[in-house]
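This report concerns only the one structure given below.
The numbers here are math on the coordinates, done by the rules we state, and not lab data. Predicted model only: the values in this text are computed from it and were never measured. Cβ placement follows ideal geometry from the backbone for every residue including glycine, while neighbour counts extend to all protein chains displayed.
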Amino acid sequence: MQVTQGSNQSKIQKTLILIKPDAMERKLAGQIITRFEQKGLDIVAIKMLTMTKELAQKHYAQHLNKPFYKGLEEFMCSRPIIAMVVQGVEAIEVVRNLVGATNARKALPGTIRGDLANSLSSNVVHASDSAEAAEKEIKLFFKEEEIFDKHKPILQDLMYAKDEL
Ligand code: CMP
């Protein structure tokens, strides 16, 4: 699975987004998905699942020894979530900017967390923070055949200049 499409020069990337249990319970999933669509990103994979402890430990491996890990694991495994992969030009940074700061109290208005949450732990979404993380995280949640990235998006040439792709 390649996070960056085609040649190494391509700026089209994939990134993982999780819609967390708080957003699911608050019926915000539709609004959150809409924000990514409105930005022009393509949804290339999506599923609903309940995270297991094993999956949480792999996904949040860098946080395993942090004091907040136990609470994070309990929260993320408590209820179903939506996992999705979105694709677009420089999607990893674009999505991080759209999602806003981890602490939703500090996230700017206009960002998803800034508009929809007010908590550090219940911050409605997770997004991969680097190309390495995106590659690892996408593989944890999706099999190759669950990623629908074989078709060139019809609007791509309308939305981007050739030298942006
Ligand atoms: P997320 O982007 O999913 O990545 C790790 C998560 O840990 C983060 O969002 C927060 O929801 C959660 N978290 C809880 N406490 C902290 C903390 N003190 N620092 C960073 N992340 C925290």
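Structure values in brief
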quantity: Viscosity 0.692 mPa s, temperature 37 °C, Stokes-Einstein D of the chain from Kirkwood C-alpha radius, µm²/s; calculated: 202
quantity: Overall Cα dimensions of the range 41-92, principal axis frame, Å, largest first; calculated: 35, 23, 14
quantity: ³J(HN,Hα), Karplus 6.51/-1.76/1.60, whole Hz, each residue of the range 69-77, x for Gly, Pro; calculated: 4, 4, x, 4, 4, 4, 5, 5, 9
quantity: Over 30 Å (Cα to Cα) - which of K39/K139; K53/K150; K106/K150; K20/K162; K70/K150 fall in this group; calculated: K53/K150; K106/K150; K20/K162; K70/K150
quantity: Modelled FRET efficiency - R0 45 Å, F148 with N65, Cβ distances, 0.05 increments; calculated: 0.80
quantity: Compactness of the range 98-165 - radius of gyration and Dmax, Cα, Å; calculated: 15.9, 40
quantity: Candidates L28, L155, L64: whichever shows maximal mean-square fluctuation once the chain is modelled as a Gaussian network with Cα springs under 10 Å; calculated: L155
quantity: Positive-end residue, the chain charge dipole about Cα centroid, Cβ charges, pick of H151, S78, G30; calculated: S78
quantity: 5 angstrom amide H check on A45, placed H, neighbours 5+ away; calculated: V85, F148
quantity: Karplus-derived 3J(HN,Hα), 6.51/-1.76/1.60, for each residue of the range 90-101, Hz, glycine and proline x; calculated: 6, 4, 5, 6, 4, 5, 4, 5, 5, 6, x, 4
quantity: Residue-by-residue Karplus 3J(HN,Hα) for the range 58-64, coefficients 6.51, -1.76, 1.60, Hz, glycine and proline x; calculated: 6, 5, 9, 3, 6, 9, 3
